[in-house]
Amino acid sequence: MKKFRKVLDGLTTSSPVNPGGSPSCGSAAGTPSTAPTPRELEIQETLMSEHFQICKTVRHGFPYQPTALAFDPVQKILAIGTRSGGVRLLGRPGVDCHCQHESGAAVLQLQFLINEGALVTACADDTLHLWNLRQRRPAILHSLKFNRERITFCHLPFQSKWLYVGTERGNTHIVNIESFILSGYVIMWNKAIELSTKTHPGPVVHLSDSPKDEGKLLIGFESGTIVMWDLRAKRADFRIYYDEAIHSVSWHHEGRQFMCSHSDGSLSMWNLRNTAKPFQVTFPHGKTQRDGRKESCKPILKVEYKTSKNSSEAFVIFSGGLSYDKAGRRPTLTIMHGKAIIVLEMDYPIVDFLVLCETPYLNEVQEPYAVAVLLEKDFLVVDLTQSNFPIFENPYPMDIHESPVTCTAYFADCPPDIIPVLYSIGAKHKKTGYSHKEWPLSGGTWTVGSQTYPEIIITGHADGSIKFWDATAITLQMLYKLKTSKVFEKPKSGDVGRSAELVEEDPYAIQMISWCPQSRIFCVVGISAHVILYRFSKHDANTTITVSVLLNVTVKIDSTCTESEYCGHRVKDRMIRMPPGYQAELVVQLLWVDGEPPQQITSLDLNSAYGLLALGNCNGLAVVDYLQKTVLLCMSTLELYGSADPFQRLTRSPRKNRQSTSGTHALCVSESHKCSNTVCFFVTKLKLSLPTDLKTDLGTVENSFSRSRSSSVSSIDRETKEAVTTLQFAESYGRKSDTLPTPCLWVGTSLGLVLIIPMSIPTDEQERQEDPVTVAPTGTVLMLKASVLRFAFLDCGGALINCPYEVWRDQHAPDDPDRPRKRKLVNFSPSSSQEASGDGHLAVVCSERQAKVFFMPSQACLYVHNITESSFVLRADVVSVCNSVCLACFCANGHIMTLSLPSLRPLLDVNYLPLTDMRIARTFCFTNGGQALYLCSPTEMQRITYSQEMCDNLQEMLGELFTPIETPEAQNRGFLKGFFGGNAQTFDREELFGEAAAGKASRSLAQHIPGQGGMEGMKAAAGGVVGELARARIALDERGQRLGELEERTALMMTSAETFSKHAHEVMLKCKDKKWYQF
């Protein structure tokens, strides 16, 4: 705990801006503070650096660019691999885990160690990894890097510790899962095929052991060659040479026949009794043409052949195989069951699919009950137990990217009643027709942790839709969806061309979101320079959006409406039925003038207690009274300063055929304008332009913001380009002479200037509806380096001052004469609180490079901290952490920083996330409780925490992936069936693949890399079949046995040496006295 004391008597402000551009604290005039100040400011700061730590919590959404799929039929856990090296593990709702390979290599294949809590991943860098899933955060136990061959296919038999690995050269290697070391047993491609074959069979595309006999391995090569390899005899039982390339192979559970899918769209059935030719070849989607030939079809990339007890007919499920002449057909999954052929059309290409079966044993009737289908941008599960094959309702938020996310907002510790209300409204619009059965991926366990408070995430999308998500307890579930495009008429053919000049594809894309959870008032900014304000109601409403306020901030010759003005999108002017939920009340649009689109809106704020909405762009500022439907202020940035402009800028020359009338404005009411019942406000302003579109690449954004970040004043052209970058309504002091706080609007600009605009708002409800609100810019200017990003206000004790708000009331609820609906305002400045309010407060201002704390009303700068010199801040928020507040910043160089308040001491500075694209910049946001989020890919949302307390409690918040379950027993095969069905149970792989029989593999072939599993992983793995402890014990026993054998051999050598010495001595004595010629 640290105490900060600051004597404020006699403080004067710093000098004005010098030619070097150093910042100035206080007013523009540089006059001493005359407002009354306390003798001493004492604030106790409790936050320390040990309260902060960065770590990822959970990832939501669909895995971006998926590549592979795997399923554990006992644990009922599913894994998805991605092109960027990610692995997503899914179980019951709440069990959702993301793992990442450090190499970033694409995941080619996944193999579960069924019911062992482990997973093998094969990556594109030819490395195998063994993941331990017996801990809440999986970790790699072992890795094996192949140096000379490329991995193409892997197969791990059930309850086996030997993994078969096929390579691009056509060889098959065998890896011990326990030690992750290669066996000396190798099936070379030239041994597998006949010696007379002149061509290489191609890469291995399939490996599987025969359900009838585990000692037989079926090897499929890409060229169409199939080999049944006898592992004991080390020779081929039979070889099949087929004309068409093979994509996949699937066995019948009895092991007497198998099915292959081919590149020509055919399925071939083979019987082990006669492998000379297939006994059946079908083209499921190929029709016979007039000349008798089959029409050409697309490849069948995968086929699954499964049997069922209840039906004599097997399920044959495959992807692809459609004829080429059917152009425009969507990707399909075909289910053949008896004579019925069902074709399921998919919205996206199929990456992989798996048939989910009841048993893990391949030699039993499979009993398929569902098909998990992985698409390029979606994941679904089809119910096979119902005749119409419905899909299961997906409990995971896989549709975040239904339309591309353009902005996000994160609200922690929301009012507890808001989530049930939004859910009840959104539930009425859910899709129907799902399977009535429970979600089949039911593995793992998850319980709500101790730290639970209502959290809501709001996402804005490119199609103009808004989604509200319940983010409580690190889960994510959609509550409610709102479509903002319904406010507008569908564009006519003549208007499409004009609006296309502004936005080609997404004219309703959401740029900004402002939400007041207490009053439930919601406001969005669209890319077409429009603002829509919504109110929440539980009841239907038949109403009209009666007022559409159009603001024009540009040079105009006269004040009449002309045909050259165009409002982009026409708001519906008829009676509209609005369902329960968010209902549009007001639309604000910026006009096109002379065919030129308006500048996009760069800042927005609303306050429900004041009934005001403020918006700004790179030309100026507008304040709208949404209760009275009037515009209170509409001025250019230059006019807001008046005589207090610190740069004393000159206006630019007007464009050709225009006359500058800067400093004046005109208002007119139009009845003949295209938008009926519309009030058009035309303000005489300078046409300014400042690039603010975040859709450009990072380099362009660097250049576009470079001038706003510069603190130098070098040219008139630069000085006039000043955008309004942030707005904040608050109870504050507009002038130094103020003794009580009043409603104010704080305005931050791209040049680092802060303006305070006081307002006079009637407190009586009746007067508020009738009397005008007065807004009077005072010329008060504070200065920082670079563009201003965020405002916040603290009381003299260092606590955060919440903005005033109106308590929500349903305006469309039936009238109750006993309880009239009145506005209930909270934190609105009453005159009776003079003693409490007259002490002043602290204003925290953060820009792209700097943070300052001012004391109000004296405007004295108490603390300054230069956040960064080499980069710039993208996002800054004042958040509550550990019952205190701090300033959290995210910089373009990837650093996440926190600063204490009010002293601005650095508490955390971590190089966490390099800014690779503008998606992160557009979607990164902080919230209370030490949490933040951003879009890590176009389809995924990553949540992180910077709180040490949450990092410590994260383990109990995450779900358990592994739960101890007894492996189901194999079915009793019966004496005759077991006798004639082969002796698979007696096959011992250890005798064949172990070092004693097969020897060691070449060290240059593969390199073993120990994993960083951690202590928790070691403890968990020790309890499994592949436990480290068991291996160590076995190794010690083997070592002891070898030492015993060595001791015996040493004793034999010593005995032999003594015998030899004795015989040598006897020979020496016998020959000692003999001459040389006597020998």
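The values are calculated or read from the model by the stated rules, or taken from the named source; none is laboratory data. Just so we're clear, the structure is a prediction, and the values are computed from it rather than from any experiment. Counting neighbours? That spans all protein chains shown, and the Cβs are built from the backbone with ideal geometry, glycine included. Note: accessible area is taken over every heavy atom of the protein model, side chains too, but ligands, DNA and RNA are not part of it. Shrake-Rupley method; radii C 1.70, N 1.55, O 1.52, S 1.80 Å.
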Mind checking which residues of the stretch 326-338 are open to solvent by 30 Å² or more (accessible area, probe 1.4 Å) and in contact (Cβ under 8 Å) with a residue 12 or more places away in the chain? 329, 330, 331, 336, 337, 338
I'd like the residue in the stretch 754-812 that is buried (at least 20 other Cβ atoms within 10 Å of the Cβ) and without any contact (Cβ under 8 Å) to a residue 40 or more places away in the chain and, out of all such residues, is nearest to residue 644 (Cα to Cα). 756
The stretch 206-243, subset among the acidic types (Asp, Glu) and without any contact (Cβ under 8 Å) to a residue 24 or more places away in the chain, residue farthest from residue 162 (Cα to Cα): 243
Being assigned to a loop (DSSP other than H, G, I, E, B), touching a strand residue (DSSP E or B) at 6+ places or on another chain (Cβ under 7 Å) and surrounded by fewer than 22 Cβ atoms within 10 Å (Cβ to Cβ) is the filter here, so list the residues in the stretch 116-155 that pass it. 124, 126, 136, 147, 149, 150
Mind listing whichever residues of the stretch 885-899 are at pLDDT 95 or above and polar (S, T, N, Q)? 898
Show the residue pairs meeting these rules: Cβ distance below 9 Å; 6+ apart or different chains; first residue within the stretch 841-864 and free of Cβ contacts under 8 Å to residues at least 24 places away in the same chain; second residue open to solvent by less than 10 Å² (accessible area, probe 1.4 Å) and aliphatic (A, V, I, L, M). none
Residue 261 fails exactly one of the following numbered conditions: (1) within 22 Å of residue 300 (Cα to Cα); (2) over 41 Å from the mean Cα position of the chain (by Cα); (3) polar (S, T, N, Q); (4) buried (at least 21 other Cβ atoms within 10 Å of the Cβ). What is the number of that condition? (2)
Residue 355 open to solvent by 20 Å² or more (accessible area, probe 1.4 Å) and not in a loop (DSSP other than H, G, I, E, B): no
Selection over the stretch 270-299 where residues are open to solvent by less than 80 Å² (accessible area, probe 1.4 Å), of a type in the set (D, E, K, R) and modelled with pLDDT of 90 or more yields a count of 1
Hey, can you tell me all the residues within the stretch 214-252 that are open to solvent by less than 20 Å² (accessible area, probe 1.4 Å) and in a loop (DSSP other than H, G, I, E, B)? 215, 224, 231
Looking at 906, 902, 914, 964 in this structure, which one is surrounded by fewer than 16 Cβ atoms within 10 Å (Cβ to Cβ), more than 25 Å from residue 92 (Cα to Cα) and modelled with pLDDT of 90 or more? 906
Scanning for something of a type in the set (Lys, Arg) and assigned to a loop (DSSP other than H, G, I, E, B), does the stretch 757-776 turn up at least one residue? no
Tally of residues being assigned to a strand (DSSP E or B) and open to solvent by 20 Å² or more (accessible area, probe 1.4 Å) across the stretch 935-953: 1
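Results for (1) more than 20 Å from residue 619 (Cα to Cα); (2) modelled with pLDDT of 95 or more; (3) crowded, with 19+ Cβ neighbours inside 10 Å, shown as yes or no for each residue.
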{"position": "495", "(1), (2), (3)": "yes, no, no"}
{"position": "546", "(1), (2), (3)": "yes, no, no"}
{"position": "551", "(1), (2), (3)": "no, no, yes"}
{"position": "566", "(1), (2), (3)": "no, no, yes"}
{"position": "571", "(1), (2), (3)": "yes, no, yes"}
{"position": "578", "(1), (2), (3)": "yes, no, yes"}
Starting from the stretch 449-465, take each residue that is in a loop (DSSP other than H, G, I, E, B) and open to solvent by less than 10 Å² (accessible area, probe 1.4 Å) and list its partners that are charged (D, E, K, R) and modelled with pLDDT under 90, counting only C-beta distances under 6 angstrom and pairs at least six apart or across chains. 462/506
Could you go through the stretch 870-888 and let me know if any residue there is part of a loop (DSSP other than H, G, I, E, B), among the small types (Gly, Ala, Ser) and out of contact with any Ser or Thr (no Cβ under 9 Å at 6 or more places or on another chain). yes
Of all residues in the stretch 47-66, which are farther than 18 Å from residue 81 by Cβ, more than 13 Å from the chain's Cα centre (by Cα) and surrounded by 17 or more Cβ atoms within 10 Å (Cβ to Cβ)? 47, 51, 52, 53, 54
Just checking, how many residues over the stretch 507-531 are in contact with a Cys (Cβ under 7 Å, 6 or more places away or on another chain) and open to solvent by less than 10 Å² (accessible area, probe 1.4 Å)? 2
Just wondering, is there one or more residues in the stretch 808-825 that are modelled with pLDDT under 90, more than 34 Å from the chain's Cα centre (by Cα) and aliphatic (A, V, I, L, M)? yes
